[in-house]
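For reference, the structure discussed in these notes is given below.
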Amino acid sequence: MAISPIHSNGNIPVNNELMNAVEGGEQNSSFKNTLGGFINEINDLQTKANASIENFATGKVENVHEVMIAMAKAEVSFKFMMEARNKLVETYKEVMRMQM
């Protein structure tokens, strides 16, 4: 995703793909599918990190930096997913309290 600069008139450019997904413009896109896609991406990063560790341990890869980068990507994405999960659970609990 490219980062767009703020225009001189002060307006922030809008990511059309994101807005379509949020507004329901894409009929096939749902919260479940989006969340499932994010979880699959995180799982792929974890799998790649594990594979790079195995390759390093067996001597197939000698570059420690690649292994550390793969591990860091997997760790950061997992932490982000857990924080998003915690926020969703917190929000769900708050909505349940409001309904009582």
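Quick look at the numbers
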read-out: Cβ-Cβ under 9 Å pairs, at least 6 apart or on other chains, region 71-93 side under 10 Å from Ile42 (Cα atoms), far side of a type in the set (D, E, K, R) and assigned to a helix (DSSP H, G or I); value: Lys73/Lys48; Ala74/Lys48; Ser77/Glu41
read-out: Single condition Glu83 does not satisfy, out of (1) under 17 Å from the mean Cα position of the chain (by Cα); (2) assigned to a loop (DSSP other than H, G, I, E, B); (3) not polar (S, T, N, Q); value: (2)
read-out: Residues satisfying the stated conditions in region 40-65, i.e. loosely packed, with under 13 Cβ neighbours inside 10 Å and either within 12 Å of Met81 (Cβ to Cβ) or acidic (Asp, Glu) (or both); value: Asn40, Glu41, Asp44, Glu54, Glu62
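We did not get these values from a lab; they are worked out from the coordinates using the rules stated. If you're wondering where the values come from, they're calculated on a predicted model, not measured in any experiment. A quick note on method: Cβ atoms are made from the backbone with ideal geometry, for glycine too, and the neighbour counts reach across all protein chains shown.
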